[in-house]
Amino acid sequence: MLTYQTGYGQSSDIFKFEYLNIPENDSGIKTQRYKLLFNLPIKLNEKKDYLITGLEYNRLDIGYSRDFPFDKSELIRFHVADLNLGFITKWNENWNLVTIITPRFASNFTNGTITDDFFFNATATLWKEKPNADKPFRIVLGLSYNSTTGLPVPLPLVSYYRRFHPKWSYTLGIPRSNFKYHMSKKHTLEATMLLDGYFINIQNDIDLPDGQLGSKISLSALIGALGYQYNISKRMSLYALVGRSFEQEGKLRNDKRGDVFLLNDESNLYIRTGFKIGIF
């Protein structure tokens, strides 16, 4: 579902359950999202090559208190289902190669599944880390192709993490950058900037007053937030983020991805909480 995520190539989570609440703003729209993610790394040989298989499911429930000049019954509930298939291998002494393909179905599924519900994402990254260095760091460099962006070329993917002090670390990259204060092994505070959004098919086109048709619904948002993480163990944690969107656009789009109706361009509160198990 999330336009800016393409599966295991950008996510270090093995398991995640997450709830997102974007409360109603002046546009009269509120959104709730439920996410369940599971990735299974399977060791293939002593060289430490891994096959990655995984699933991600997102459900969005959207509420409207404002009247719009069209029927909103097709715009209440949406589903996104991803299948992650990937491979991790040792590129050389310092770098690992991670490749991932993610077939996706994103739709309101009012009439089963149709061809327009299908999207395709792919990512290839080089990943280097030194977790036991005096100042641990991790670099991810790669390319990501996402059919929901409407751009027919792979886009750069960059992330750099560094723990420059026993209690301080930062990550610079897209779709997320953060600055963390590690109070103790159990408690972490963070300030973060992130991109969030979705691009989903509408099976029955929305008739608009100007004669155009809404065939897709999309949201893109730039979020600033403060977060807290409780580390149950080294890999397992509970977390919460509370923030606000700086830029946000929710739109109906036509079959050629052109904008046909602006639903929401007002800033929102952004509340996200969940449980996860990660590889780092």
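The values are calculated or read from the model by the stated rules, or taken from the named source; none is laboratory data. Here the structure is a predicted model, which is why all the values come from computation and not from measurement. Neighbour counts run over all protein chains shown; Cβ positions are idealised from the backbone, glycine included. Side chains are part of the model used for accessible areas, which takes the heavy atoms of the whole protein and leaves out ligands, DNA and RNA. Shrake-Rupley method; radii C 1.70, N 1.55, O 1.52, S 1.80 Å.
Against the list (1) farther than 30 Å from residue 260 by Cα; (2) touching a residue at least 12 places away in the same chain (Cβ under 8 Å); (3) open to solvent by less than 70 Å² (accessible area, probe 1.4 Å), the condition residue 179 fails is (3).
Among the listed residues 121, 84, which satisfies the condition of being at pLDDT below 95, within 21 Å of residue 43 (Cα to Cα) and under 16 Å from the mean Cα position of the chain (by Cα)? Exactly one residue qualifies, and that residue is 84. Only residues that are open to solvent by less than 70 Å² (accessible area, probe 1.4 Å), modelled with pLDDT of 95 or more and of a type outside the set (A, V, I, L, M, F, W, C): list them for segment 32-44, please. Those that are open to solvent by less than 70 Å² (accessible area, probe 1.4 Å), modelled with pLDDT of 95 or more and of a type outside the set (A, V, I, L, M, F, W, C): 32, 33, 35. Whether a residue is within 23 Å of residue 121 (Cα to Cα) and either basic (Lys, Arg) or free of Cβ contacts under 8 Å to residues at least 60 places away in the same chain (or both) was assessed, and residue 195 does not pass this test. Starting from residues that are more than 17 Å from the chain's Cα centre (by Cα) and part of a strand (DSSP E or B), keep the ones in segment 228-246 and report whichever is nearest to residue 196 (Cα to Cα). That would be 246. Between 246, 261, the distinction of being touching a Leu at 6+ places or on another chain (Cβ under 6 Å) and surrounded by fewer than 13 Cβ atoms within 10 Å (Cβ to Cβ) belongs to 246 only. Out of segment 32-65, which residues are in contact with a Phe, Trp or Tyr (Cβ under 8 Å, 6 or more places away or on another chain) and part of a loop (DSSP other than H, G, I, E, B)? Selection gives 44, 49. In the set (1) open to solvent by 50 Å² or more (accessible area, probe 1.4 Å); (2) more than 30 Å from residue 95 (Cα to Cα); (3) modelled with pLDDT of 90 or more, the condition left unmet by residue 26 is number (3).
Could we say that residue 265 is in contact with a strand residue (DSSP E or B) (Cβ under 9 Å, 6 or more places away or on another chain) and either touching a residue at least 60 places away in the same chain (Cβ under 8 Å) or among the basic types (Lys, Arg) (or both) here?
yes
Annotation note: of 224, 214, the sole residue that is closer than 27 Å to residue 137 by Cβ and either open to solvent by less than 70 Å² (accessible area, probe 1.4 Å) or not in a strand (DSSP E or B) (or both) is 224.
Per-residue answers, yes or no, for (1) among the charged types (D, E, K, R); (2) in a loop (DSSP other than H, G, I, E, B); (3) more than 27 Å from residue 14 (Cα to Cα):
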{"position": "67", "(1), (2), (3)": "yes, yes, yes"}
{"position": "70", "(1), (2), (3)": "no, yes, yes"}
{"position": "86", "(1), (2), (3)": "no, no, no"}
{"position": "89", "(1), (2), (3)": "no, no, no"}
{"position": "97", "(1), (2), (3)": "no, no, no"}
{"position": "112", "(1), (2), (3)": "no, yes, yes"}
{"position": "120", "(1), (2), (3)": "no, no, no"}
{"position": "124", "(1), (2), (3)": "no, no, no"}
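Among residues of segment 45-76 being acidic (Asp, Glu) and surrounded by 15 or more Cβ atoms within 10 Å (Cβ to Cβ), the one that is farthest from residue 218 (Cα to Cα) is 49. Of all the numbered requirements in (1) of a type in the set (A, V, I, L, M); (2) modelled with pLDDT of 90 or more; (3) more than 25 Å from residue 94 (Cβ to Cβ), residue 153 misses one, and that requirement is (2). Of the set (1) under 17 Å from residue 193 (Cβ atoms); (2) open to solvent by less than 50 Å² (accessible area, probe 1.4 Å); (3) touching a Ser or Thr at 6+ places or on another chain (Cβ under 8 Å); (4) in a strand (DSSP E or B), all apply to residue 267 but (4).
Restricted to strands (runs of 3 or more DSSP E) entirely inside segment 145-191, those with at least 1 residues that are within 18 Å of residue 242 (Cα to Cα) are 176-182.
Conditions tested, residue by residue: (1) open to solvent by less than 20 Å² (accessible area, probe 1.4 Å); (2) touching a residue at least 12 places away in the same chain (Cβ under 8 Å); (3) within 30 Å of residue 29 (Cα to Cα).
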{"residue": "99", "(1), (2), (3)": "no, yes, no"}
{"residue": "104", "(1), (2), (3)": "yes, yes, yes"}
{"residue": "112", "(1), (2), (3)": "no, no, yes"}
{"residue": "119", "(1), (2), (3)": "yes, yes, yes"}
{"residue": "131", "(1), (2), (3)": "no, yes, no"}
